[in-house]
Amino acid sequence: MLQAGWYLTHADPGVAAWMLGGGAMVCGAGLAVGLLTPGAAIGVSLSTVAIASTSASPLVAALAADWRPAAFVAADAIAIAMLGPGAHSIDATLFGRREIVVSDEPGRRTP
């Protein structure tokens with residue numbers, strides 16, 4: 001998303017392209033370092049779909065040549081939003097790690 005946002009801001013001088021590209025870069029950077037991971041992942045997903053569906057200029061249309069890579073990136077971003085940040089992310093440092101415990105016995109809680 002950082003590269004797509006960078007390309008979009010430099011390929012099209014329009015305000016909409018700058019806003020969409022800037023949002024993609026901010027969300028991509030947040031996702032890369034693990035800062036506010038669910039929000040950044042949703043932002044990456046939405047900006048990917050928006051970039052893929054736009055054809056503002058011929059230069060931007062090169063990013064939207066095929067919808068399958070955009071759908072793959074959007075699906076990955078949604079999966080990351082549901083899974084949450086990793087152990088070495090900024091979110092884990094700020095908010096603590098989230099641990100999911102799967103037990104063989106129904107109704108048993110592990111301390």
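Among residues of region 3-22 that are β-branched (Val, Ile, Thr), those with a beta-carbon under 8 Å from a residue that is at pLDDT 80 or above at least six positions away or on a different chain give the pairs Thr9/Ala17; Thr9/Trp18; Thr9/Gly21; Thr9/Gly22; Thr9/Met25.
Any residue that is at pLDDT below 80, in contact with a helix residue (DSSP H, G or I) (Cβ under 6 Å, 6 or more places away or on another chain), of a type in the set (S, T, N, Q) and surrounded by fewer than 19 Cβ atoms within 10 Å (Cβ to Cβ) - is there at least one of those in region 55-62? Yes, some residue in region 55-62 is at pLDDT below 80, in contact with a helix residue (DSSP H, G or I) (Cβ under 6 Å, 6 or more places away or on another chain), of a type in the set (S, T, N, Q) and surrounded by fewer than 19 Cβ atoms within 10 Å (Cβ to Cβ).
Taken over region 63-111, the criterion of being among the small types (Gly, Ala, Ser), at pLDDT below 75 and at negative phi is satisfied by Ala64, Ala65, Ser103.
The values are calculated or read from the model by the stated rules, or taken from the named source; none is laboratory data. Computed from a predicted structure; not experimentally measured. Heads up, the Cβs are rebuilt from the backbone with ideal geometry, glycines too, and the neighbour counts pull from every protein chain shown.
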